[in-house]
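The values are calculated or read from the model by the stated rules, or taken from the named source; none is laboratory data. It should be emphasised that the depicted structure is a prediction, and the values quoted were computed from it without experimental measurement. So basically every Cβ, Gly included, is an ideal-geometry build from the backbone, and we count neighbours across all protein chains shown.
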Amino acid sequence: MEGDKVNAVTMSPLIPTPMYPQPETPFSFVAAANMPVNPIAWLVEGYIEEDAIAVMYGAPGKGKSFLALDVSCCIASKTQFHGRHVKPGAVFYIAGEGHNGLARRLRAWAQLNQQEMPELLFISEAAAELSSSTSAASVAQAVQQLADATGETPVLIVIDTLARNFGGDENSATDMGQFVRNADTLRRRWNATVLIVHHSGKDGDRGARGSSALKGAADAEYEVNRGNEDKLIRLIPRKMKDAEEPEPLAFELVGVPIQDDSGNPIMGAALKSAEYTMPEPDTERLGKKQKAALDVLERLHNEIAERLASQGREDHPVNVTTKQWKQSCEEEGVPRQRFHDAKNTLVERGKIRIDGPHVYLVRPDWNPIGTPDRTDSANSTKNGQSGQEPDNIRTATGQNTQPEKQGRE
């Protein structure tokens, strides 16, 4: 008998495991012939599907956070998104920074659209490290608590921006893959859409920054840019996995007079629909060296702006020294004398502004709606938008869009 016990213990690992899943296994298959073909369920008609992962990317200051907040407000308030039907429901906005700016943008949106403040839009009080499963679980718990309290199932979760809610290396496929898995877990829990606001790379033509794992996981991807000449913010589809790509959209960023909680008049900003036109290739009218010098300055500006945002210093001026710009241009093959010629031409054409040792990109101005007050100057250092991106609506960037004497009209 003892020998039989020894043999049984010795031989038991050799017994093959079953080839087929047991009834309690959660993983299963369905016959392909029985799979239904359902109509597309739109969260935003023609643009964003329900139960999907969507990415909206662009360079700093191009308006992507304005668009993400506009979409969120429309869904949370049962308002059409610029003439397009939405599925109303609760929206959870994971904001990395700029809560004061967000509050002004929300109030400006309500004022411009003649709506009450959206009651089903919830803004996080801090960023979340969504490359961490533990942090993602805490986010899910907070969302569920509000869902239980309001009786409203989340239909949209916005992550703005990926950089401030990441916590890992964006270029790492492993870290980005973990972020995507956690975002997908949030999506599956409520069949909600997750909209990820992200920065474009140094070469904007190559799409969103970081590992391509994000692009591969996205059901829809949109580029957001802003024309230097016509000032329009454009939403351009770059990927639509299971539907036809929609037409691009255009918006005008307008100033909206609002009041703070003390009753003081200040300026907010919101989006207004505009007719879409192809952006004017204004830089093509520049010479080769002039365009190269402007591209280098754009890159330096974006790098500094993103670094400041990652440190929570989004209201700090984006200062690029002329010396730094010149050195970078020489490294890119722009000769010293050609650099000085390019610099002078860019100043004459209003593309840049020299202020002491610093050089600034000249951003397009915005048009206020209603009666302007003392806070509507594009050069004000106390008021204006101070939201999630270093855009020209934020008035503390240190980059005047016009000379001071033209700031007030």
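Which one is nearest to V55 (Cα to Cα), of the residues in region 241-258 that are free of Cβ contacts under 8 Å to residues at least 24 places away in the same chain and touching a strand residue (DSSP E or B) at 6+ places or on another chain (Cβ under 8 Å)?
Initially, region 241-258 is screened for residues free of Cβ contacts under 8 Å to residues at least 24 places away in the same chain, giving 241, 244-245.
Of the ones still in play, those that are also touching a strand residue (DSSP E or B) at 6+ places or on another chain (Cβ under 8 Å) are 241, 245.
Values: K241: 12, E245: 14 Å.
If we take residues in region 241-258 being free of Cβ contacts under 8 Å to residues at least 24 places away in the same chain and touching a strand residue (DSSP E or B) at 6+ places or on another chain (Cβ under 8 Å), then K241 is nearest to V55 (Cα to Cα).
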So, Q115, is that one among the polar types (S, T, N, Q) and either touching a Phe, Trp or Tyr at 6+ places or on another chain (Cβ under 8 Å) or free of Cβ contacts under 8 Å to residues at least 12 places away in the same chain (or both) or not? yes
For region 79-93, state whether one or more residues are out of contact with any helix residue (DSSP H, G or I) (no Cβ under 9 Å at 6 or more places or on another chain) and either closer than 27 Å to E223 by Cβ or not assigned by TED's automatic domain parsing to the domain that holds V224 (or both). yes
Could you give every pair whose Cβ atoms fall below 9 Å, whose first residue belongs to region 288-303 and is without any contact (Cβ under 8 Å) to a residue 40 or more places away in the chain, and whose second residue is part of a helix (DSSP H, G or I) and of a type in the set (S, T, Y), counting only separations of at least 6 or pairs across chains? K291/T283; D295/T283; V296/S328; L300/S328
Unique match (being over 27 Å from A250 (Cβ atoms), at pLDDT 95 or above and touching a Leu at 6+ places or on another chain (Cβ under 9 Å)) among A147, A90, A137, A142: A90
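Quick check: is even one residue across region 216-227 under 15 Å from the mean Cα position of the chain (by Cα) and farther than 24 Å from V155 by Cα?
Residues of region 216-227 under 15 Å from the mean Cα position of the chain (by Cα): 218, 220-226.
Then keep just the ones that are farther than 24 Å from V155 by Cα; that gives 225-226.
Scanning region 216-227 turns up at least one residue that is under 15 Å from the mean Cα position of the chain (by Cα) and farther than 24 Å from V155 by Cα.
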Which listed residue, of L156, L130, is in contact (Cβ under 8 Å) with a residue 60 or more places away in the chain, in contact with a helix residue (DSSP H, G or I) (Cβ under 6 Å, 6 or more places away or on another chain), surrounded by 20 or more Cβ atoms within 10 Å (Cβ to Cβ) and not aromatic (F, W, Y): L156
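Take the residues in region 310-354 that are polar (S, T, N, Q), without any contact (Cβ under 8 Å) to a residue 40 or more places away in the chain and more than 16 Å from A292 (Cα to Cα); name whichever of them is surrounded by the fewest Cβ atoms within 10 Å (Cβ to Cβ).
If we take residues in region 310-354 being polar (S, T, N, Q), without any contact (Cβ under 8 Å) to a residue 40 or more places away in the chain and more than 16 Å from A292 (Cα to Cα), then Q311 is surrounded by the fewest Cβ atoms within 10 Å (Cβ to Cβ).
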When residues of region 236-272 are filtered for being in a strand (DSSP E or B) and under 30 Å from P39 (Cα atoms), how many remain? 8
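May I ask you to say which residue of G216, G207 is at pLDDT below 95 and surrounded by fewer than 18 Cβ atoms within 10 Å (Cβ to Cβ)? Before the answer, list the steps.
Details: G207 fails: surrounded by fewer than 18 Cβ atoms within 10 Å (Cβ to Cβ).
One residue alone meets the criteria, G216.
May I ask you to verify whether V197 is out of contact with any strand residue (DSSP E or B) (no Cβ under 7 Å at 6 or more places or on another chain), among the β-branched types (V, I, T) and at pLDDT 95 or above?
Values: out of contact with any strand residue (DSSP E or B) (no Cβ under 7 Å at 6 or more places or on another chain): no; among the β-branched types (V, I, T): yes; at pLDDT 95 or above: yes.
Spelling it out, it is not the case that V197 is out of contact with any strand residue (DSSP E or B) (no Cβ under 7 Å at 6 or more places or on another chain), among the β-branched types (V, I, T) and at pLDDT 95 or above.
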May I ask you to list the residues in region 62-95 that are buried (at least 24 other Cβ atoms within 10 Å of the Cβ), under 19 Å from the mean Cα position of the chain (by Cα) and not in a helix (DSSP H, G or I)? G63, V91, F92, I94, A95
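Here's the yes/no breakdown for (1) outside the structural domain of L195 (by TED's automatic domain parsing); (2) among the hydroxyl-bearing types (S, T, Y); (3) not in a loop (DSSP other than H, G, I, E, B):
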| position | (1), (2), (3) |
| --- | --- |
| W109 | no, no, yes |
| P118 | no, no, no |
| S131 | no, yes, no |
| A137 | no, no, yes |
| D148 | no, no, yes |
| L156 | no, no, yes |
| I159 | no, no, yes |
| D175 | no, no, yes |
